[in-house]
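Inspection log for the structure reproduced underneath, given as structure tokens.
The values are calculated or read from the model by the stated rules, or taken from the named source; none is laboratory data. Quick caveat, the model's predicted, so the values are computed rather than measured. Methodologically, a virtual Cβ is constructed for each residue, glycine included, from the backbone with ideal geometry; neighbour enumeration extends over all protein chains shown. Just the protein is used for accessible areas: all its heavy atoms, side chains included, with ligands, DNA and RNA removed. Shrake-Rupley method; radii C 1.70, N 1.55, O 1.52, S 1.80 Å.
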Amino acid sequence: MTDFIAQAHAILKTNDRGGYTVPTDRLYPFQWNWDSAFVAMGFAAYDVPRAYRELERLVEGQWADGMIPHIVFHAPSDSYFPGPDVWRTSHIIATSGITQPPVFGMALKRVHDAAIASGLANAADRSAPLFEAALRWHRWWYAARDPEQTGLVALLHPWESGSDNSPAWDIALARVPTTTETAVVRKDTGHVDQAMRPRDEDYRRFIHLVDTYAACDWDPERQWKAAPFKIAEVQTTAILLKSGEELERLAVVLGRTEEAAELRQLNTLSRKALLAQWRPHLRRFVSRDLISQEDVEAPTQAGFIPLLALDLDADILDAACAEMESWAKGLAVAFPSTPQAFAGFEAKRYWRGPVWGVINWLLIAGLRRNGRSELAERLRVATVQAVEQQGFAEYFDPLTGEGCGGLDFSWTAAVYIEMTRKAA
């Protein structure tokens, strides 16, 4: 009988680069922000000190203003574009200039709880500085990406969502020019079938945005004014709120009463804002294009991630779960990043249809929070079976179940560890 847990541990060990974990070899040769947060939760199941180290290495790249970048370039590699020379950020440790979904707070609470459960003597000492880093990043989100204090935080680049080429960005991204000051050198398609990756036109727009913000010297106020892409996003806000809830609990444990009160106030603001983004006729939550002032109605998994951070009334919950069931019907594996019935659906192309273990992890947590354990369990079983049948792939084709993208993927290994641990 195959020992999949041993395989998952081996993948995390193989992808270890000295206290931080790369998502997979060559395709992603650096430390990615939300990848490492999920990885830390995987490590927490069996190696708490290593879980702490994953988060500590990530915050080595934290900026003076509190932002934790989406990539930390700890060591050089020529297998990825865009590298440090394209980002042109001025920090002791080279980083990208944008951020990623703030799973960090959720991960820190999970690691701290595991440390206490394991009897680790210095748990509070290890957690306290990471709490400080998380709090500074939390404050940055509300200051830099919600200057009008609406409670919804905005993205200035599709990569900040983690869902790089999602159909959610099609309309807004079409307004971004394809001209670039930086030569676009695709390296990802040398590692993975180009049919699974964003298109060249998408990449030109992505790099146009990088050039635009580099010209602002990465100053948040200047970026906000210059941004041709600005989306108040429900998935990111929901993750921020869930992390905020976990940080609030951790603040109480650490005796940080003032910080707990601050977090509670921010959480209340975002909770109210997220609820206002529910659209009954769509049976899901929607993001907001801050440039056109229109709802982002393209159907994606982001519309259900608010379950992670909200305690929903029965009518909203029933409608959201019914919509989720309709998306999942007839698939080899759920949950798709966009439904098969949508015109923009592509079963193997990155965030335009495929199933992601980490998204399922978030959805499962949201369903359990809201008492929908049966649907949560079906998603958990589907994810575990996809891994056991197709390997620890980056993501999966929802129509065939085929593993796609990078192989021996760290966050898929971490999610498998967590999902099987919780089933025990």
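Yes/no per residue for (1) buried (at least 21 other Cβ atoms within 10 Å of the Cβ); (2) farther than 20 Å from LEU308 by Cα:
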{"position": "LEU250", "(1), (2)": "yes, no"}
{"position": "GLY255", "(1), (2)": "no, yes"}
{"position": "GLU258", "(1), (2)": "no, yes"}
{"position": "LYS272", "(1), (2)": "no, no"}
{"position": "LEU282", "(1), (2)": "no, no"}
{"position": "ASP295", "(1), (2)": "no, yes"}
Review point. Out of the residues in the stretch 209-233 that are more than 17 Å from ALA143 (Cα to Cα), in contact (Cβ under 8 Å) with a residue 60 or more places away in the chain and assigned to a helix (DSSP H, G or I), which is farthest from the chain's Cα centre (by Cα)?
Key: ALA214
Point to revise | Residue satisfying all of: in the stretch 297-336; surrounded by 13 or more Cβ atoms within 10 Å (Cβ to Cβ) and of a type in the set (D, E, K, R); farthest from ALA232 (Cα to Cα) among these | key: ASP318
Study note, to complete from the structure: Listed by first then second residue, the pairs whose first member lies in the stretch 390-410 and is more than 16 Å from ILE359 (Cα to Cα) and of a type outside the set (Lys, Arg), whose partner is modelled with pLDDT of 95 or more and assigned to a strand (DSSP E or B), with beta carbons under 7 Å and at least 6 positions apart or on separate chains, are GLN390/PHE396; GLN390/GLY403; GLY391/GLY403; GLU402/PHE396; GLY406/THR24; LEU407/THR24; ASP408/THR24
Practice item. Of the conditions (1) on the phi > 0 side of the Ramachandran plot; (2) open to solvent by 50 Å² or more (accessible area, probe 1.4 Å); (3) out of contact with any helix residue (DSSP H, G or I) (no Cβ under 7 Å at 6 or more places or on another chain), ARG88 clears all except one; give me its number. Key: (3)
Exercise for review: Just name the residue that is nearest to MET196 (Cα to Cα) out of those in the stretch 356-397 that are outside any helix (DSSP H, G or I) and more than 20 Å from the chain's Cα centre (by Cα).
Suggested key: GLY391
Check your understanding: Among the residues of the stretch 201-227, how many are within 14 Å of ARG145 (Cβ to Cβ) and buried (at least 16 other Cβ atoms within 10 Å of the Cβ)?
Key -> 6
Check your understanding: In the list LEU362, LEU407, which residue meets the criterion of being open to solvent by 30 Å² or more (accessible area, probe 1.4 Å) and within 29 Å of LEU27 (Cα to Cα)?
Key -> LEU407
Practice item. Read through the list (1) over 30 Å from ALA309 (Cβ atoms); (2) modelled with pLDDT of 95 or more; (3) open to solvent by less than 30 Å² (accessible area, probe 1.4 Å), then give the number of the only condition that MET196 fails. Key: (2)
Practice item. Would you tally the residues in the stretch 100-125 being crowded, with 18+ Cβ neighbours inside 10 Å, of a type in the set (S, T, N, Q) and over 21 Å from the mean Cα position of the chain (by Cα)? Key: 0
Check your understanding: Does the stretch 68-80 hold any residues that are under 20 Å from the mean Cα position of the chain (by Cα) and in a loop (DSSP other than H, G, I, E, B), and which are they?
Key -> ILE68, PRO69, HIS70, PHE73, TYR80
Point to revise | Every residue from the stretch 263-316 that is charged (D, E, K, R) and in a helix (DSSP H, G or I) | key: ARG264, ARG271, LYS272, ASP315
Review point. Within the stretch 37-75, how many residues turn out to be free of Cβ contacts under 8 Å to residues at least 60 places away in the same chain and either buried (at least 24 other Cβ atoms within 10 Å of the Cβ) or touching a Leu at 6+ places or on another chain (Cβ under 8 Å) (or both)?
Key: 6
